[in-house]
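The values are calculated or read from the model by the stated rules, or taken from the named source; none is laboratory data. In this text the structure is predicted, and so the values were computed from the model without any measurement. So basically every Cβ, Gly included, is an ideal-geometry build from the backbone, and we count neighbours across all protein chains shown.
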Ligand code: GLU
């Protein structure tokens, strides 16, 4: 079987060193196996995605010397495919419309926090009176879905991990303002592109539980996962979380030699002031 990996940035800003490290690992994983490395632009958030950042991603990847195979995949061109997947879940009543605003959810005293913010208290689950003309999101009924699938597992490197998607509560699969969520689009696309190995940062480790559940519900194959350590700055702050980290464009403007940068990172030597964060 041919190994297929991908780098899947969201064009909501310029790439920083952490992105470069992630892209490099995914690229090398495929190249060392004689496989394919794909570039997928995750531009489904109409409020945040910008074409100038897409151009920036392409320029940065070329500057780093990380060449991808095939055409670039744009999620914004695949909305119908996500809508079809959502439709299948609607038919099985595994999703329900949710009319709550962020403020409603934040104000709910019962809302405990999960890995991704407040857990949805389930206000709209089982609502009898639905007016689908009102703006609404679609949420996955995670308890119902898990009852259908039974226990699920995925592989992180050599370790089998039992999925616990319920720790996120009923996640949103389609937003009021965006026809698909990250979780739905990433799961559908990794399968559609034949991705065998997902190489990405540890910040997305827990999300894999949701992706595994969606794979089971949509009868999609499960890739192998390789979650890598994140880059941190001298204060130990992870670049993924930090704003204002130097971008690849900054490094280029400062005269950095891209081949040296990439070779250094390949050998585990991060540029001065950066290191891999402990898990
Ligand atoms: N688009 C996601 C991000 O930029 C990454 C998706 C993934 O690798 O699964 O954080």
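Residues in segment 151-163 include at least one that is away from the ligand (no atom under 14 Å from the Cβ), more than 23 Å from residue 26 (Cα to Cα), modelled with pLDDT of 95 or more and loosely packed, with under 15 Cβ neighbours inside 10 Å.
I want to confirm something. Restricting to segment 182-192 and keeping residues that are surrounded by fewer than 24 Cβ atoms within 10 Å (Cβ to Cβ) and within 12 Å of the chain's Cα centre (by Cα), which single residue is farthest from the ligand (Cβ to nearest atom)? Write out each step before concluding.
Kept after step one, since they are surrounded by fewer than 24 Cβ atoms within 10 Å (Cβ to Cβ), are these residues of segment 182-192: 182-183, 188-189, 191-192.
Retained after the next criterion (residues that are within 12 Å of the chain's Cα centre (by Cα)): 182-183, 188-189.
On the way: 182: 6, 183: 9, 188: 12, 189: 9 Å.
The qualifying residue farthest from the ligand (Cβ to nearest atom) is 188.
Restricting attention to segment 260-275, does a residue exist that is within 16 Å of the ligand (Cβ to nearest atom) and part of a loop (DSSP other than H, G, I, E, B)?
Our first condition is that a residue be within 16 Å of the ligand (Cβ to nearest atom); within segment 260-275, this holds for none.
Looking through segment 260-275, none of the residues is within 16 Å of the ligand (Cβ to nearest atom) and part of a loop (DSSP other than H, G, I, E, B).
If you go through segment 208-226 and keep only what is near the ligand (Cβ under 10 Å from one of its atoms) and touching a residue at least 60 places away in the same chain (Cβ under 8 Å), you end up with just 225. Pairing residues of segment 190-204 that are part of a helix (DSSP H, G or I) with residues that are modelled with pLDDT under 95 and near the ligand (Cβ under 8 Å from one of its atoms), at Cβ distances under 7 Å and at least 6 apart in sequence or on separate chains, gives 203/240. Scanning segment 117-125 turns up at least one residue that is surrounded by fewer than 16 Cβ atoms within 10 Å (Cβ to Cβ), within 16 Å of the ligand (Cβ to nearest atom) and under 30 Å from residue 21 (Cα atoms). Scanning segment 193-205 for residues that are more than 10 Å from the ligand (Cβ to nearest atom) and touching a helix residue (DSSP H, G or I) at 6+ places or on another chain (Cβ under 7 Å) turns up just one, 197. Out of all the residues in segment 24-42, is one or more under 18 Å from residue 191 (Cβ atoms) and out of contact with any helix residue (DSSP H, G or I) (no Cβ under 9 Å at 6 or more places or on another chain)? So far as segment 24-42 goes, yes, one or more of its residues are under 18 Å from residue 191 (Cβ atoms) and out of contact with any helix residue (DSSP H, G or I) (no Cβ under 9 Å at 6 or more places or on another chain). The condition of being in contact (Cβ under 8 Å) with a residue 24 or more places away in the chain and farther than 30 Å from residue 31 by Cα holds for residue 170. Inclusion of residue 80 among residues that are surrounded by fewer than 16 Cβ atoms within 10 Å (Cβ to Cβ) and assigned to a loop (DSSP other than H, G, I, E, B) is not warranted.
Filtered by the rule that a residue be free of Cβ contacts under 8 Å to residues at least 60 places away in the same chain and not in a loop (DSSP other than H, G, I, E, B), segment 1-29 gives 23, 27. Does residue 177 fit the bill of being in a loop (DSSP other than H, G, I, E, B), more than 14 Å from the ligand (Cβ to nearest atom) and touching a strand residue (DSSP E or B) at 6+ places or on another chain (Cβ under 7 Å)? Criteria not met by residue 177.
One line per residue, one yes/no per condition, for (1) within 14 Å of the ligand (Cβ to nearest atom); (2) more than 22 Å from residue 275 (Cα to Cα); (3) crowded, with 19+ Cβ neighbours inside 10 Å; (4) under 15 Å from the mean Cα position of the chain (by Cα):
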residue: 5; (1), (2), (3), (4): yes, yes, yes, yes
residue: 12; (1), (2), (3), (4): yes, yes, no, yes
residue: 19; (1), (2), (3), (4): yes, no, yes, yes
residue: 23; (1), (2), (3), (4): yes, no, yes, yes
residue: 31; (1), (2), (3), (4): no, yes, no, no
residue: 35; (1), (2), (3), (4): no, yes, no, no
residue: 39; (1), (2), (3), (4): yes, yes, yes, yes
residue: 42; (1), (2), (3), (4): yes, yes, yes, yes
residue: 51; (1), (2), (3), (4): no, yes, no, no
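Hey, among the residues in segment 227-241 that are out of contact with any helix residue (DSSP H, G or I) (no Cβ under 7 Å at 6 or more places or on another chain) and part of a strand (DSSP E or B), which one's surrounded by the most Cβ atoms within 10 Å (Cβ to Cβ)? Checked segment 227-241; the qualifying residue surrounded by the most Cβ atoms within 10 Å (Cβ to Cβ) is 232.
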